[in-house]
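One structure is given here, and the rest of the page talks about it.
Every number here is computed from the coordinates shown, using simple stated rules; none is lab data. No experiment lies behind these values; they were computed from the predicted model shown. Counting neighbours? That spans all protein chains shown, and the Cβs are built from the backbone with ideal geometry, glycine included.
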Amino acid sequence: MIDRLRGVVASLPAVARRMLACYRGVDACDPVDAHVAAGGVGDTHIAYSRNRLLRRAGFVEHIGRGRYAYTLPALIREEFADRLDDDELRAVVAAVETAFTAEGDGNDTASVETRVGGGTDAGATGGANTSDHVDGSDASPPDGDGAAPTDPGSAGAAPE
């Protein structure tokens, strides 16, 4: 499961990985603020398209008023069907986080999975909400028309 989540993280554009690291370091923030903090531009459409990738993977969730919060620990707890104690959960979260933080070298997957006994393989989203908003809608940004690109890694993608 750790390798699968790391693979999802690795498949994200670099600025989206940096946004994830930003969300990890704050209680909650606006996608544009996270995008700018991650080295991206202040464009609402681009920021929300990058944020949408994180949200659909279950790494962040909309908590209201245009703010999103980091949810990787909750995603992992759900994927392991709440069978991890706090120390095991912290170890698995830390192992996945090495895919987008400067901490660790990313080679501790096997030891962590051995200690926590593997896990379920419920898919990359772990049953997480796959819409843009908590209510399940896939609405565009507050001032947008929904035309933001959904595959920022493709040729001709907008700048970070």
Cut-off 18 Å (backbone N to label point 7 Å along Cα→Cβ of A102), residues of region 5-30: 14-26
Once each part is reduced to its C-alpha centroid, what is the distance from region 12-46 to region 64-93 in angstrom? 19
Amide H contacts of V60 (H built 1.01 Å from N, under 5 Å, at least 5 apart or other chain): R55, T71
